[in-house]
Amino acid sequence: MHNEDIRIRSEARRNEVAARFARISQQYDDARVAFQPYMSDLRDVQKALSTDLTSGGLSAITEIAAKTTRDAAPLKEN
């Protein structure tokens, strides 16, 4: 570009967009890392319920089901 002002503004905008993209990418990575154990717990609950729907089976997964409910809140924020 020949116009110095336009070149400087374009470069500033490019840097701003690159920084925003880097933040979004980092947030995605953080959410992905937190999501994996959450999904693993949900699959375990599903598997347990698919084989045992008795009151004993339900009480066996109560704690992990409550944990997944608590873990869901921070994931929603991400």
Looking at (1) without any contact (Cβ under 8 Å) to a residue 12 or more places away in the chain; (2) open to solvent by less than 80 Å² (accessible area, probe 1.4 Å), which one does Thr68 not meet, given that it meets all the others? (1)
Residue that is nearest to Glu77 (Cα to Cα) [pool: residues in segment 34-43 that are open to solvent by 90 Å² or more (accessible area, probe 1.4 Å) and either in contact with a Pro (Cβ under 6 Å, 6 or more places away or on another chain) or free of Cβ contacts under 8 Å to residues at least 24 places away in the same chain (or both)]: Gln36
Which is open to solvent by 100 Å² or more (accessible area, probe 1.4 Å) and over 19 Å from Pro74 (Cβ atoms), of Leu58, Leu53? Leu53
Can you tell me how many residues within segment 1-33 are in contact (Cβ under 8 Å) with a residue 12 or more places away in the chain, of a type outside the set (Gly, Ala, Ser) and within 20 Å of Lys67 (Cα to Cα)? 1
Restricting to segment 19-33, what's the tally of residues that are over 14 Å from the mean Cα position of the chain (by Cα) and open to solvent by less than 50 Å² (accessible area, probe 1.4 Å)? 1
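The values are calculated or read from the model by the stated rules, or taken from the named source; none is laboratory data. A quick note: this is a predicted structure, and the numbers were derived from the prediction, not measured. Using ideal geometry, Cβ is built from the backbone for each residue, glycine included, and neighbour counts are taken over all protein chains shown. When the accessible area is computed, the model is the full protein with side chains, heavy atoms only, and any ligands, DNA or RNA have been set aside. Shrake-Rupley method; radii C 1.70, N 1.55, O 1.52, S 1.80 Å.
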